[in-house]
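The values are calculated or read from the model by the stated rules, or taken from the named source; none is laboratory data. Predicted model only: the values in this text are computed from it and were never measured. Note: ideal-geometry Cβ built from the backbone for every residue, glycine included; neighbour counts use all protein chains shown. Accessible surface is based on the protein model in full, side chains and every heavy atom, while ligands, DNA and RNA are left aside. Shrake-Rupley method; radii C 1.70, N 1.55, O 1.52, S 1.80 Å.
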Amino acid sequence: MKPTISTETQQEALVAAKATQKLGQTKEQTKLIAQGIEKGIAEYKKLLKAKARERDKVRKQQLKAKSRTVNDINDLDDADEAFDSQSQFTRATWVAIALLLLSWAGFAAYFFMT
């Protein structure tokens with residue numbers, strides 16, 4: 001598939017070819033030079049697009065890495081919060097067990113005293 005070259009690029013190439021035209025050079029030769037310049041311009045634009053795509057890939061990778069780092073930090077914070085809430089639950093459980101044992105001891109003391 002042959003890439004289409006814009007008319008603007010063709011005109012730029014023709015202007016450049018005419019600017020470098022030598023004495024005795026035919027119109028056909030000038031057209032051939034203009035076509036060569038067009039190909040050069042098209043290749044240059046293709047190279048610029050490839051560089052822009054590469055820069056965009058690198059930028060996206062950096063954003064992903066930064067996002068991943070932030071997510072890892074958030075996960076660590078969440079894990080700390082879960083650990084804190086788990087330890088609070090354990091304390092509450094021990095308090096409930098202690099109260100239950102205390103009430104049984106009180107019931108046993110009442111039962112044996114009567």
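If I fit a long axis through the Cα atoms of helix 27-113 and take the longest principal axis of the Cα atoms of the chain, what angle between them do I get, 0 to 90°, rounded to 10?
Approximately 0 degrees, to the nearest 10.
Can you pull the accessible area of GLU38 for me, 1.4 Å probe, Å² to the nearest 10?
For GLU38, solvent-accessible area is about 30 Å².
Give the calculated FRET efficiency between SER6 and GLN61 to the nearest 0.05, with a Förster radius of 25 Å applied to their Cβ-Cβ distance. Let's see the in-between values first.
Values: r = 32 Å, r/R0 = 1.29.
Plugging the Cβ-Cβ distance into 1/(1 + (r/R0)^6) gives 0.20.
Just the number, please: carbon plus sulfur as a percent of the accessible area of segment 8-50, 1.4 Å probe, no ligands or DNA/RNA counted.
Result for segment 8-50: 60 percent of the exposed heavy-atom area is carbon or sulfur.
Using a 1.4 Å probe on the protein heavy atoms only, what accessible surface does PHE107 show? Give it in Å² to the nearest 10.
Spelled out: PHE107, probe radius 1.4 Å, area about 140 Å².
Expressed as a rounded percentage, what relative contact order does segment 1-58 have, with Cα pairs under 8 Å and six or more residues apart?
37
Using a Gaussian network model of the chain with C-alpha springs under 10 Å, which one of ARG59, ARG91, ARG68 is most mobile by mean-square fluctuation?
Among ARG59, ARG91, ARG68, the largest mean-square fluctuation in the Gaussian network model of the chain belongs to ARG91.
What angle do you read, to the nearest 10 degrees and between 0 and 90, between the alpha-carbon axis of helix 7-19 and the longest principal axis of the chain?
The helix 7-19 is inclined about 50 degrees to the chain.
Treating only the Cβ of Lys, Arg, Asp and Glu as charged (+1, +1, -1, -1), what charge dipole size does the chain show about its Cα centre? Round to the nearest 20 debye.
1400
For the chain, set up a Gaussian network in which alpha carbons nearer than 10 Å are linked by springs, and say which option among LYS46, LYS57, LYS22 fluctuates the most.
LYS22
Just the number please: accessible area per residue for the chain, 1.4 Å probe, all protein chains included, in Å².
Per-residue value: 91 Å².
Give the accessible area for LEU100 in Å² (nearest 10); use a 1.4 Å probe, count only protein heavy atoms, and leave out ligands, DNA and RNA.
Rounded to the nearest 10, that gives 80 Å².
Suppose each label sits 7 Å from its Cα in the direction of the beta carbon; what would the VAL70-VAL95 distance come out to in nanometres?
Rounded to a tenth, the inter-label distance reads 3.8 nm.
Averaging sequence separations of C-alpha pairs under 8 Å and six or more residues apart, then dividing by the length of the chain, give the relative contact order as a whole percent. Display every interim value, and only then the final one.
On the way: 24 pairs, mean separation 21.7, N = 114.
Computed value for the chain: 19 percent relative contact order.
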